[in-house]
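Asker: Before I ask anything, here is the structure I am working with.
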Amino acid sequence: MSLALADLMEEGRRAVLRPLAQASTLPPAFYTSPEIFEAERERVFRRNWVSVGRASEIPNAGDRFRIDVAGEPLLIVRGKDGEVRALSAVCRHRWMLLGTGAESSATISCPYHKWTYALDGSLMAAPLMEQAEGFERGNCSLPSFGCEIWNGFIFVNLSGDAEPLARSLAPLAEEFAPWKMGEMEIVGRIEFDQPYNWKVLVDNFMEAYHHFAIHPETFEPNYPAAISRPEETNAPWAALRMPHKGNELADPLFKPLEGIPDRARRGFSVFNVYPSMLLAVLSDSVIWYRMEIDGVGHFKLTVYLLAHPASLDVPDAETLKTFLREGTFAVHMEDIVACEGVQMGLMSGSARAGRLSHLEGAIHEHQKWLLAELARA
């Protein structure tokens, strides 16, 4: 750890590692420093489970999509055996990238020299390599990384030594069980190109303090900031509860599944499954924010809108899906104004760590976890 990074870490600990009533945010350099970002890539995103997609996106053998995690180009592939794998998307010959987006075929073929791989990553063919002495196809398989499916979400771990995902998220899986998320289908996607640090979005997503200022018509009337409740989870996730005004039953778009508890119908909850899986769990649907983080001040955001087929068994379901997409887009456009404004403010020489409200406990929980991960050798 460089001296500059060590100094930043110490500054961060002084600000964050206090009881919430005395704590501040991470200092601005944690959002703007290239050195912090590189430490996050190596110590946070390469070590922990990162959500990359939905199993339903690749239902058949040969289906796959490309995504980068912590700078590592990956192919998420469903094999002939039905297993979902995370394979390196870098050809073992001369490093050409394999695939560009969502594709489907029985093999994986390099567009540069037509080296061809099976769906499990083993090399099947390498044209015109007969004169390469000692060349063995068996030594040229695509590297494979840790891959688990949890509640229908595909997670990847690059380190190979993370705790099994299902074990670490068992209490959360129990809470989510009535929603049958593994059976949910994608009812919409919205993509955004975001020119700010990924943690700015996490912070914004995990507090309702801003509702009365940023969402005075979309959220505040029904989900007032003042009654939101962050939870101390002592777990690898943060949670924020947003009760409906007066604790009344919220009016869902779709039909909630039988078994959804009444408390979940009197508001909704948002979660950050560390490091960066953002979920809004409503009584009738789930909204997932997937970030593809490629720089200290930039990421691609894909918002997935999910609902169970049984919930969609309502009149005018297609109209309601459109309403959900348009409403989600409108809310995030309001948030973009705040997030971009924060990023500009972070660049100021006068910016300092800011004190936290009691409504921002979920931010505090995440930042304590992040400091601990960055400090791990």
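Asker: Conditions: (1) farther than 24 Å from ARG189 by Cβ; (2) touching a Gly at 6+ places or on another chain (Cβ under 8 Å). SER33 meets all but one. Number of the miss?
Answerer: Of the numbered conditions (1) farther than 24 Å from ARG189 by Cβ; (2) touching a Gly at 6+ places or on another chain (Cβ under 8 Å), the odd one out for SER33 is (2).
Asker: Name the pairs whose Cβ atoms lie under 8 Å apart, with the first residue in the range 71-97 and closer than 16 Å to PRO111 by Cβ, the second among the hydroxyl-bearing types (Ser, Thr, Tyr) and in a loop (DSSP other than H, G, I, E, B), and 6 or more positions between them or separate chains?
Answerer: Listed by first residue and then by second, the contacts come to CYS91/TYR112; ARG92/SER141; HIS93/TYR112; ARG94/TYR112; MET96/TYR112.
Asker: Give the residue, chosen from GLU340, GLU365, GLU360, that is at pLDDT 95 or above, in a helix (DSSP H, G or I) and open to solvent by 40 Å² or more (accessible area, probe 1.4 Å).
Answerer: From the options GLU340, GLU365, GLU360, the qualifying one is GLU340.
Asker: Further question: Considering only residues that are open to solvent by less than 80 Å² (accessible area, probe 1.4 Å), closer than 22 Å to GLY160 by Cα and assigned to a loop (DSSP other than H, G, I, E, B), which ones fall in the range 77-95? Break it down into steps so the answer makes sense when it comes.
Answerer: Quick first cut of the range 77-95, residues open to solvent by less than 80 Å² (accessible area, probe 1.4 Å) only: 77-79, 82, 84-91, 93.
Now drop any that are not closer than 22 Å to GLY160 by Cα, which leaves 77-79, 82, 84-91.
Residues satisfying the conditions are GLY79, GLY82, ALA89, CYS91.
Asker: How many residues, within the range 234-281, are aliphatic (A, V, I, L, M) and under 26 Å from PRO315 (Cα atoms)?
Answerer: Qualifying residue count, the range 234-281: 8.
Asker: Only one of GLU175, GLU148 is farther than 14 Å from SER51 by Cα and at pLDDT 95 or above; which?
Answerer: So the residue among GLU175, GLU148 that is farther than 14 Å from SER51 by Cα and at pLDDT 95 or above is GLU175.
Asker: Which residue, of LEU169, LEU142, LEU98, is within 30 Å of HIS308 (Cβ to Cβ), of a type in the set (A, V, I, L, M) and buried (at least 19 other Cβ atoms within 10 Å of the Cβ)?
Answerer: One residue alone meets the criteria, LEU169.
Asker: List every residue pair whose Cβ atoms lie under 7 Å apart, where the two residues are 6 or more positions apart in sequence or sit on different chains, the first residue falls within the range 350-373 and is more than 15 Å from ILE36 (Cβ to Cβ), and the second residue, located anywhere, is at pLDDT below 95 and open to solvent by 20 Å² or more (accessible area, probe 1.4 Å).
Answerer: From the range 350-373, the pairs are GLY361/GLU232; GLU365/GLU232; GLU365/THR233.
Asker: Related question: For the range 36-47, does any single residue satisfy the condition of being without any contact (Cβ under 8 Å) to a residue 12 or more places away in the chain and either within 21 Å of the chain's Cα centre (by Cα) or under 21 Å from ARG352 (Cβ atoms) (or both)?
Answerer: Yes, some residue in the range 36-47 is without any contact (Cβ under 8 Å) to a residue 12 or more places away in the chain and either within 21 Å of the chain's Cα centre (by Cα) or under 21 Å from ARG352 (Cβ atoms) (or both).
Asker: Next question, about the same structure. Could you pull out every one of the strands (runs of 3 or more DSSP E) wholly within the range 207-308 that has 1 or more residues that are farther than 16 Å from MET181 by Cβ and open to solvent by 20 Å² or more (accessible area, probe 1.4 Å)?
Answerer: Numbers: elements: 229-235, 237-243, 267-273, 277-281, 286-295, 298-307.
Strands (runs of 3 or more DSSP E) meeting the threshold: 229-235, 237-243, 286-295, 298-307.
Asker: Determine if the range 101-109 includes at least one residue that is out of contact with any helix residue (DSSP H, G or I) (no Cβ under 6 Å at 6 or more places or on another chain), more than 30 Å from ALA264 (Cα to Cα), among the β-branched types (Val, Ile, Thr) and part of a strand (DSSP E or B).
Answerer: Scanning the range 101-109 turns up at least one residue that is out of contact with any helix residue (DSSP H, G or I) (no Cβ under 6 Å at 6 or more places or on another chain), more than 30 Å from ALA264 (Cα to Cα), among the β-branched types (Val, Ile, Thr) and part of a strand (DSSP E or B).
Asker: Residues that are open to solvent by 60 Å² or more (accessible area, probe 1.4 Å): find the helices (runs of 4 or more DSSP H) completely inside the range 1-66 holding 1 or more of those.
Answerer: Qualifying helices (runs of 4 or more DSSP H): 3-16, 34-40.
Asker: When you go through (1) more than 19 Å from GLY121 (Cβ to Cβ); (2) open to solvent by less than 30 Å² (accessible area, probe 1.4 Å) one by one for LEU74, which number turns out not to apply?
Answerer: (1)
The values are calculated or read from the model by the stated rules, or taken from the named source; none is laboratory data. All values reported here derive from a predicted model rather than from experimental measurement. All Cβ positions, glycine included, derive from the backbone under ideal geometry; neighbour counts span all protein chains shown. Quick note on the areas: whole protein, heavy atoms, side chains included, nothing else; ligands and nucleic acids left out. Shrake-Rupley method; radii C 1.70, N 1.55, O 1.52, S 1.80 Å.
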